[in-house]
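The values are calculated or read from the model by the stated rules, or taken from the named source; none is laboratory data. It should be emphasised that the depicted structure is a prediction, and the values quoted were computed from it without experimental measurement. Cβ coordinates were reconstructed from backbone atoms using ideal geometry, including for glycine residues, and neighbour counts include every protein chain displayed. What goes into the accessible areas is simple: the full protein's heavy atoms, side chains included, and nothing from ligands, DNA or RNA. Shrake-Rupley method; radii C 1.70, N 1.55, O 1.52, S 1.80 Å.
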Amino acid sequence: MKAAIRQLRIRQMLESQEFVDLETLSRELDASESSVRRDLVSLEAAGVLRRVYGGAMAAQASATHLLDFAWQSSRMAEEKKRIAVLAAGLVEDGQTILLDGGSTVAAVARELTSRSLHVMTNSLPIADIFADARQIELTLTGGYLYPRLRAMVGPLCEQMLSGVTADILIMGIGGVTESGFSNNNTLVVGPERKMIEVSRRVIVVADRTKFGRGAMIPLAPLSMADIVVSDSGLAMGYQDMLAAHAVEVRLA
């Protein structure tokens, strides 16, 4: 495949997702990683993308977008729906569930509205989803409201979480690499660490675009998760990476 055609394909991929990893590009374009890297250099010079660790990010996918709940909800919607259905099937009636903020976790919440559960969350969008769910006992953490994500964070939120125990934590993530899980804001990471600490089982829900790149703030090693639920497009290399850390992988 000629360089011009490869670069056109890369542009098309970045129109539907803000990040593509090098392994996926190499496989989809049937090209060596060195060839793909040269393509990325050319496209970055043209202002189409920004090269980041492990791949490339669409030029319009700014840090503001990455922290904006409404924008995140609109991307990879089909994959998030499949992930949500699978993840919801791992929850048993009567359990106490912690739900982290984020658009993928919100998709899981929509699949749980008819269940009999005790749910605790720091997310206002998730609280709205359960507003008319009569079998759901809903508890909000309290704390400082982070406007773009519409999530409650800060010391009061973490203090509330310190006093509870959950059967399952279902959480989203900003990035997944061999170094571990990471996220994009220190205010978000604090409550997430506390949620992990008080939960007996951790399920991470993340579509394939979160793999191969590290977000700004390290959160936890890969071994923190019991299960990672992703979409069927997740590259085998990342599946093997998780399995090597004793993390069960489920693909939707």
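Residue 138 is checked against (1) touching a residue at least 24 places away in the same chain (Cβ under 8 Å); (2) out of contact with any Asp or Glu (no Cβ under 8 Å at 6 or more places or on another chain); (3) assigned to a strand (DSSP E or B) and fails just one. What number does that condition carry?
(1)
Out of 28, 23, 44, report the one residue that is crowded, with 18+ Cβ neighbours inside 10 Å, among the charged types (D, E, K, R) and at pLDDT below 90. Break it down stepwise before answering.
Values: 28 fails: crowded, with 18+ Cβ neighbours inside 10 Å; 44 fails: crowded, with 18+ Cβ neighbours inside 10 Å.
The unique qualifying residue is 23.
Residue check, residue 145 against (1) at pLDDT 95 or above; (2) part of a strand (DSSP E or B); (3) open to solvent by 70 Å² or more (accessible area, probe 1.4 Å), all met but one. Which one?
(1)
I want to confirm something. Restricting to region 194-231 and keeping residues that are in contact (Cβ under 8 Å) with a residue 60 or more places away in the chain and hydroxyl-bearing (Ser, Thr, Tyr), which single residue is surrounded by the fewest Cβ atoms within 10 Å (Cβ to Cβ)?
Going through the qualifying residues, I end up with 199.
Would you be able to tell me the number of residues in region 100-135 that are surrounded by fewer than 20 Cβ atoms within 10 Å (Cβ to Cβ), charged (D, E, K, R) and not in a helix (DSSP H, G or I)?
Going through region 100-135 one residue at a time, the tally reaches 4.
Could you give me the residue pairs with C-beta distances under 6 Å whose first residue belongs to region 85-99 and is closer than 14 Å to residue 169 by Cα, whose second residue is surrounded by fewer than 20 Cβ atoms within 10 Å (Cβ to Cβ) and among the acidic types (Asp, Glu) wherever it lies, and which are 6+ apart or on separate chains?
So the pair list comes out as 88/111; 95/167; 96/167.
If I go through region 174-193 residue by residue, how many of them are surrounded by fewer than 21 Cβ atoms within 10 Å (Cβ to Cβ), in a helix (DSSP H, G or I) and not hydrophobic (A, V, I, L, M, F, W, C)?
Looking only at region 174-193, we keep the residues that are surrounded by fewer than 21 Cβ atoms within 10 Å (Cβ to Cβ), and these are 177-180, 182, 184-187, 190, 193.
Still in the running and in a helix (DSSP H, G or I): 186-187, 190, 193.
Narrowing further to those that are not hydrophobic (A, V, I, L, M, F, W, C): 186, 190, 193.
Of the residues in that region, 3 qualify.
Residues being among the hydroxyl-bearing types (Ser, Thr, Tyr) and out of contact with any helix residue (DSSP H, G or I) (no Cβ under 9 Å at 6 or more places or on another chain): count how many of those fall in region 94-113. It would help to see each step written out before you state the result.
Filtering region 94-113 down to residues among the hydroxyl-bearing types (Ser, Thr, Tyr) leaves 96, 103-104, 113.
Filter once more, keeping what is out of contact with any helix residue (DSSP H, G or I) (no Cβ under 9 Å at 6 or more places or on another chain): 96.
Final tally of qualifying residues: 1.
So which residues in region 78-99 are part of a helix (DSSP H, G or I) and of a type in the set (S, T, N, Q)?
So in region 78-99, the residues part of a helix (DSSP H, G or I) come out as 78-88.
Within region 78-99, none qualify.
Given the structure, is residue 161 open to solvent by less than 20 Å² (accessible area, probe 1.4 Å), in a loop (DSSP other than H, G, I, E, B) and more than 16 Å from residue 217 (Cβ to Cβ)?
Values: open to solvent by less than 20 Å² (accessible area, probe 1.4 Å): yes; in a loop (DSSP other than H, G, I, E, B): no; more than 16 Å from residue 217 (Cβ to Cβ): yes.
No, not satisfied.
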